[in-house]
1. Return only the number of the condition from (1) hydrophobic (A, V, I, L, M, F, W, C); (2) crowded, with 24+ Cβ neighbours inside 10 Å; (3) free of Cβ contacts under 8 Å to residues at least 60 places away in the same chain that Ala375 does not satisfy.
2. What number of residues within region 562-597 are at pLDDT 85 or above, of a type in the set (D, E, K, R) and not in a helix (DSSP H, G or I)?
3. Pairs only if they're at least six apart or on different chains, beta carbon under 7 angstrom, first in region 332-352 and over 19 Å from Ser368 (Cβ atoms), second of a type in the set (Asp, Glu) and not in a strand (DSSP E or B); list them, first residue then second.
4. What is the number of the single condition among (1) more than 30 Å from Gly594 (Cβ to Cβ); (2) not in a helix (DSSP H, G or I) that Cys307 does not meet?
5. Evaluate the following for Glu298: is it within 33 Å of the chain's Cα centre (by Cα), touching a residue at least 40 places away in the same chain (Cβ under 8 Å) and either outside any strand (DSSP E or B) or surrounded by fewer than 22 Cβ atoms within 10 Å (Cβ to Cβ) (or both)?
6. Give just the number: which of (1) buried (at least 19 other Cβ atoms within 10 Å of the Cβ); (2) at pLDDT below 75; (3) not assigned by TED's automatic domain parsing to the domain that holds Gly637 does Gly337 not satisfy?
7. Looking at (1) under 18 Å from Leu172 (Cα atoms); (2) touching a Ser or Thr at 6+ places or on another chain (Cβ under 7 Å); (3) at pLDDT 75 or above, can you tell me which one Met107 breaks?
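The values are calculated or read from the model by the stated rules, or taken from the named source; none is laboratory data. Every value quoted in this text rests on a predicted model; they were computed, and no experiment measured them. Note: ideal-geometry Cβ built from the backbone for every residue, glycine included; neighbour counts use all protein chains shown.
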Amino acid sequence: MGRNDQLKATIAAGDRTKVLRPLPEVLTRHMTDDGDIDLDGMALRLVDEIALTAYELPHYMPVAAAPRLFRVAVSAGDEGDRTRLLWVGEDDGGEAVRRVAAALDGMDVEAVAGALPHSLDMFVTDDEVVLLLTSDHLRGLTEFSTREQWRCLKVATALSSLIQLTSALIHLHDAGFCLGGVLPEQLLLSPGEPHLIVGHLGQLLPLELMTRVQAADMLRKDIQSVGQLLLECVTGGPIEERVADFERVLDDAQVLVDSGLALPGLAQVAVATLTHEAPFAYAGAPDLLAGLLQMRAEMTVSLEFRCGLASTAGNFPMRRTDQDSCGVTETRVIYHGIAQHLGFYCVADGVGGEDHGERASQVAVASSIKAFHKALESYPFDVLRTNVSVVARSVVKVAAAELAIVGEADPDENRGATTFTGAVIVGDRLGLGHVGDSRAYLIRDGEITSLTRDHTLASMKLALGEMTGRRAHESSDDERRISRYLGTGNETPMSWIDAFDPRLFPHLVRPRGWVPNGQPSEAPAGIASLRRGHKESPTVEQPVRAASENITRDLTSERPEGPGSDWAHRSGVHVFNADRELESRSAFLDLLPGDGILLMSDGLYGELDDEQIGRIIEEVQDPQECAHRLLDESLKGLSMDNVTVVMIRAHQGTASLRV
């Protein structure tokens, strides 16, 4: 028995691998006694070999030996084994591996949504090339798809997977490569989640070796194959023999009706991918992506919101007025087939005496609502959604500037100040702008979570480790004094305005620009075609980094922010991770059906603990009734402060397209 066969037998005896043929020489040469493959100090455990389907190359492409693809695992300690893909090319097969490496070189991993593995390392000798690839989704992907598996997928899952695939095709086409058509056998797919990876990249064809006509034909085949995959999933059967029928759809649209494909979004994708006539056919993969996104828009179930608000001066005999204020403004629009909710909600707790505190909270609420409407007029939906906390903090900054103007106009009466907690909801995302000790809570699945951090002496001591969480809750009046506020005496700097509590980032709230799997991220600079012709479409994430920097400047005046740097006013906060602190200021929270958002002044949580508040919200579903119930419960004792609440509930809407 040769050395290669012995090594194969050793590995197989441990039931650790299934190898289709004798191992390549480059692997056996680097195999250790325990069966691991040692490549440049990295120990790889061979899992199995992935059988690659043989494809017929176009006659004008040079014939080369096919590379081989192995699944390997890298030991990662407590995290378990990390799955990797290992391409091995010997002799002529090395050229195919080099093409894979070139196609993945410089790839924006976020832009392709994980649909392409990315390169970790490449090992090259005179006649051998080994390429090590990885992806965040490899662990859950065990087998390549078959047509029967694909046809049994839920349409929404298949659509999300094809959006990933199209994002990958855009990258490959821009890099000068194509697949010449995509088959399910090239795809690693997790049926439970819309995670898809183009695992079989040995079919990559370099466009530079083709004529212009040949290249256009191959690119067209990529686009057409995506349309066929979508239609196979929708119909549950083969579609190839029906392509000719769809080619005559421009003469007889009844074909779509007879086939059950005359559905919004789906009909457009079917025609544009399966016909060849301009201008009906897609010109390129970016147009296909826009079509798939529009279909998903038609299938999107948007959130709907209901709101209730209430306030009371309380029952303490010495408190004669209600210095709290609150406000709500909501609008509902439909952009590109998606019903979208845009809303602003706020609570302000005035301080500084009866007249001054009441005036300060009223000015803050009124000016912030006007600023929110200005943001709606100035920015498209995409920018607002991606920068939802930037918008919320900028709105609070406007309120701070207005209060400073009030103080300058009447310097003898400038003793007013107010806390402020404002929430912006754009679509399904929540952003916050927060100063003081009013609070925002999330109620989800029976649990209540504080989304904001109190700006009080007690919270500063807690951050510095001088006080426990229990003592902070039971702290004295002096320790409960607010350390930040919006005032008429001076303008509040932007660095005083928080969004989410940094301790919630990133396990609950997400960094700006984050997108779930199955959705393309912001278009990278190298894929300019993604942006052409779709600048206002809310179904495509726009590059908004520059826009986010302009929001604060556009919404606020050019008044100076006050002396000192960002950290000069942040006593105690610097103990948090600085990166997490800054990221949390522009982060967002994905809202889910059934979520409740509660904004409140300190008069409520001063009377009721979190458990009592959460129980009432779970018991009373109507938001207006819930708001009044919270006030009633707070008044069962002797309420020492004004009490104000804004209660928001998210509900599942309906989709315009049901497949």
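1. Of the numbered conditions (1) hydrophobic (A, V, I, L, M, F, W, C); (2) crowded, with 24+ Cβ neighbours inside 10 Å; (3) free of Cβ contacts under 8 Å to residues at least 60 places away in the same chain, the odd one out for Ala375 is (3).
2. 2
3. As it stands, the answer is Gly337/Glu298, since those pairs meet every condition given.
4. Going through the list (1) more than 30 Å from Gly594 (Cβ to Cβ); (2) not in a helix (DSSP H, G or I), Cys307 breaks only (1).
5. For Glu298, the condition - within 33 Å of the chain's Cα centre (by Cα), touching a residue at least 40 places away in the same chain (Cβ under 8 Å) and either outside any strand (DSSP E or B) or surrounded by fewer than 22 Cβ atoms within 10 Å (Cβ to Cβ) (or both) - is met.
6. Result: Gly337 fails condition (3) only.
7. Every listed condition holds for Met107 apart from (2).
Residue-by-condition table, conditions (1) assigned to a loop (DSSP other than H, G, I, E, B); (2) at pLDDT 90 or above; (3) under 25 Å from Ile369 (Cβ atoms); (4) in contact with a Pro (Cβ under 8 Å, 6 or more places away or on another chain):
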site: Ala440; (1), (2), (3), (4): no, yes, yes, no
site: Arg453; (1), (2), (3), (4): yes, yes, yes, yes
site: Ala458; (1), (2), (3), (4): no, no, no, no
site: Gly465; (1), (2), (3), (4): yes, no, no, no
site: Ala472; (1), (2), (3), (4): no, no, no, no
site: Arg480; (1), (2), (3), (4): yes, no, no, no
site: Gly489; (1), (2), (3), (4): yes, no, yes, no
site: Phe500; (1), (2), (3), (4): yes, yes, yes, no
